[in-house]
1. Arrange the peptides 101-107, 69-75 so that the one whose residues have, on average, the most other Cβ atoms within 10 Å appears first.
2. Please label the shape of the stretch 61-101 as rounded, prolate or oblate, based on the square roots a ≥ b ≥ c of the eigenvalues of the alpha-carbon gyration tensor (a/c under 1.5 means rounded; beyond that, a/b larger than b/c means prolate, else oblate).
3. Would you mind checking the stretch 45-72 for residues with the amide N under 17 Å from a putative spin-label position 7 Å along Cα→C-beta of residue 32?
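None of the figures in this text is laboratory data; all of them are computed from the coordinates on show. No experiment lies behind these values; they were computed from the predicted model shown. Here Cβ is always computed from backbone atoms with ideal geometry, including for glycine, and neighbour counts include all displayed protein chains.
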């Protein structure tokens, strides 16, 4: 169950914990979240009738000792993204942690 979320322009961050065994995969959990929220949003306004999530997502593991720091980051994300775009921050994160990626597949 999410314990912290903060939708911002271009991204939604969710902090949650789950057992490492005996639970649905993150992929299944996130797919269900996207499906149910899309359906719910479409019932709220005619303007949202064409709402759709992007096809992709990313997941990061965080040490328990860093959970509070991550939650503070998420809570302040909207303000933070006024200075640095999500796209710039995400690519810098991948590069800082030596994550190989193909830029053709990063954005929809």
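1. Values: 101-107: 9.1, 69-75: 14.6.
Order by mean packing, descending: 69-75, 101-107.
2. Values: a/c = 3.42, a/b = 1.08, b/c = 3.18.
The shape class here is oblate.
3. Correct set: none at all.
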